[in-house]
Each structure stands twice: as C-alpha cells, then as structure tokens.
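J.: First the structure, which I've put down as structure tokens, then a few questions once you've had a look.
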Amino acid sequence: MTHQVQAPAHQRRRRRSLGDEGRGWLLFSAMMFFASSAVNAIYGVTALVKDSHFQADELLFGNLSLWGAIYLCFAAAALLAAFLILFNKALGSVLGVGLALLHGTLALLSIGAYPVWSVLMLVIDGLIIYGLTVHGFELAE
C-alpha cells in the first residue's frame, strides 16, 4: 500500500492564490497585447490607405507603405502573443517578452519627442515583462 503525502492545507491555499495572481498578470498582459494589436492595425491601415494622415518627410527611413506593413506585422505578432498567453502557452510568454522589450526600446528612442507618453509606455512594458517572466511559465502547458 502506498501513502500519498499531501501538502498541508495552508500551503495548498498559498499555491492556489499564487496561481490566481499569476492568471491576473497574464490576463493583463494579454489585454495589453490585444490593445496594442488594435492600435497597430489602425496605424498600419492608415499608413497604407491615407497618406495625408502621416508626414512622410519625417520618417527615419523608408516610405509610408513600408511603415504600414511594419505596423501590420507588429499587430499580427501582438495578436498571436495575446492568444498564446490566454491559452497558457509558453511560446506566448516568450513572444510577449520579446515584443515588450522591442517596444520598450522604441519608446526609449522617442523619449525626447514624447517624454510623458514614452515613460508611460516603459512602465506598461515593464509590467508586462514582469507578469510574463514571473508568472508566464508557471501556468504554461
């Protein structure tokens, strides 16, 4: 006859509450990626369709069509990351951390032009990275 050793009740409750907290962080990260995906898709379509909305002479490189395609690719990657995170896939956490790091780098590059917005984006990116690195892999399948 084998004996199964169970953790004491207070440890089981603690483990479950950490899982609930982790789910909250993952839900926050997924919702931020859904919002990012929507905004990037709008920017991408606008850059492709309505050239007068953006000032093409202030682009770092390329033309509006190239930037429209880049925004649409970021939208697709953010949407994929959001769904993978919601379905508790480890790849979603990896993709999400990579996208948040890339976005944070871009926010640092634009801090001179948009200081308040850039700092706000850096804080959100930091929260996303924290949520995905601390809790993203403990609940992953």
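The values are calculated or read from the model by the stated rules, or taken from the named source; none is laboratory data. Note that the structure is a prediction, hence the values are computed from the model and not measured. Counting neighbours? That spans all protein chains shown, and the Cβs are built from the backbone with ideal geometry, glycine included.
J.: Report every pair of residues separated by at least 6 positions or lying on different chains whose Cβ atoms are under 7 Å apart, first residue within region 109-129 and among the polar types (S, T, N, Q), second outside any helix (DSSP H, G or I).
T.: S118/S110; S118/I111
J.: Just for region 18-50: of the residues that are over 26 Å from V97 (Cβ atoms) and surrounded by 14 or more Cβ atoms within 10 Å (Cβ to Cβ), which one is modelled with the highest pLDDT?
T.: V45
J.: Restricting region 79-120 to residues that are of a type in the set (V, I, T) and part of a helix (DSSP H, G or I), which is surrounded by the most Cβ atoms within 10 Å (Cβ to Cβ)?
T.: I85
J.: Same structure again: Based on what the data block shows, is A78 modelled with pLDDT of 90 or more, closer than 16 Å to N40 by Cβ and touching a Phe, Trp or Tyr at 6+ places or on another chain (Cβ under 7 Å)?
T.: Spelling it out, A78 is indeed modelled with pLDDT of 90 or more, closer than 16 Å to N40 by Cβ and touching a Phe, Trp or Tyr at 6+ places or on another chain (Cβ under 7 Å).
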